[in-house]
Amino acid sequence: MNTTAEAIETSTANLKASDFDGDRTFEGTLGDITAAEARMECRQVNVWYDDNHAIREVSLDIGKHEVVSMIGPSGCGKSTFLRCLNRMNDTIPAAKVTGSIKLDGREVLDRGIDVVPLRAQVGMVFQKPNPFPKSVYENIAYGPRIHGLTNHREELDELVETSLKRAGLWEEVKDRLEQPGTGLSGGQQQRLCIARTIAVSPEVILMDEPCSALDPIATAVIEELIAELRQEYSIAIVTHSMQQAARVSQRTAYFHLGDLLEVGATGQIFEDPQHNLTRAYVTGRFG
């Protein structure tokens, strides 16, 4: 056993049940929460669902041209935090969000902000593919049309083609543009949803377990696409697959019971984590 593995085994062997159930004092996030070129800056974000304090004082940057993976056991708050980034929690009446979330220096949580253009700038790809009950073409054209991004059919045709090419889907659907998007395979539907997201020229793409409903081959295609997309976009992804986090991300953030316990370069988080609970999770001791 190497030195790192020995240290991890020793540190996790002394964990108590209370370490996993929230009966402890949170002393702050380990690691550097900042990014050199931050596209989004989140500071002291809290989320309540009625009396349930689901997210506590979370601070984290999303940098330009990087993928940030958010990992942790079920119910730890990672998806709740992700939904804060484009105000999706506004759709839940019981939810209350405080703190600061800035996109290019502009406060996202400002009550006066229009969430429709915000959700174009910060797009969301959900766990289960959710194409519109429209043609492949109309799935992509819908967003640019309602946001007034194109004025002519020729421009719209070009945007649809470009978006499908960026999503790696054009060659598979170029002869099926008028057929229903729901008729595509699961992996194709997810890439269609990604193409729909990038068609409105976002700055940040949020992905909430985008491969959990896909087979390994489709998952590999999506992961390759994520690697390509980060050259142009900032990406934040929630995943239950630590192997996926290790493959696709440059930084990884570990959440536990509503706290952001540790964040750092992905290699460091998986090879030499600093927090005992991070070590226990990434080595399979729990979760």
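The values are calculated or read from the model by the stated rules, or taken from the named source; none is laboratory data. Quick caveat: nothing in here was measured; it's all calculated off a predicted structure. Glycine gets a Cβ as well: all are built from the backbone with ideal geometry, and neighbour counts include every protein chain shown.
Remarks
- Total residues in the range 247-287, condition buried (at least 24 other Cβ atoms within 10 Å of the Cβ), within 19 Å of the chain's Cα centre (by Cα) and of a type in the set (Phe, Trp, Tyr): 2
Each row is one residue, and each column tells you yes or no for (1) surrounded by fewer than 16 Cβ atoms within 10 Å (Cβ to Cβ); (2) of a type in the set (Asp, Glu).
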site: Thr34; (1), (2): yes, no
site: Met40; (1), (2): no, no
site: Arg43; (1), (2): yes, no
site: Asn52; (1), (2): yes, no
site: Glu57; (1), (2): no, yes
site: Val97; (1), (2): no, no
site: Ile101; (1), (2): no, no
site: Ala120; (1), (2): no, no
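- Test: residue in the range 78-99 that is hydroxyl-bearing (Ser, Thr, Tyr) and in contact with a Leu (Cβ under 7 Å, 6 or more places away or on another chain): no
- Filtering Glu6, Glu37 for residues that are under 17 Å from Gly264 (Cα atoms), of a type in the set (Asp, Glu) and at pLDDT below 95 leaves a single hit, Glu37.
- Meets criteria (assigned by TED's automatic domain parsing to the domain that holds Thr150, at pLDDT 95 or above and over 19 Å from Arg83 (Cα atoms)) for Gly264: no
- Qualifying residue in the range 184-200 (condition: within 24 Å of Met242 (Cβ to Cβ), touching a helix residue (DSSP H, G or I) at 6+ places or on another chain (Cβ under 6 Å) and of a type in the set (D, E, K, R)): no
- Residues in the range 224-233 that are out of contact with any strand residue (DSSP E or B) (no Cβ under 9 Å at 6 or more places or on another chain) and either crowded, with 18+ Cβ neighbours inside 10 Å or over 17 Å from Ala195 (Cβ atoms) (or both): Leu225 alone.
- Members of the range 203-230 found to be more than 16 Å from Ser69 (Cα to Cα), at pLDDT below 95 and not in a helix (DSSP H, G or I), listed by number: Ala213, Leu214, Asp215
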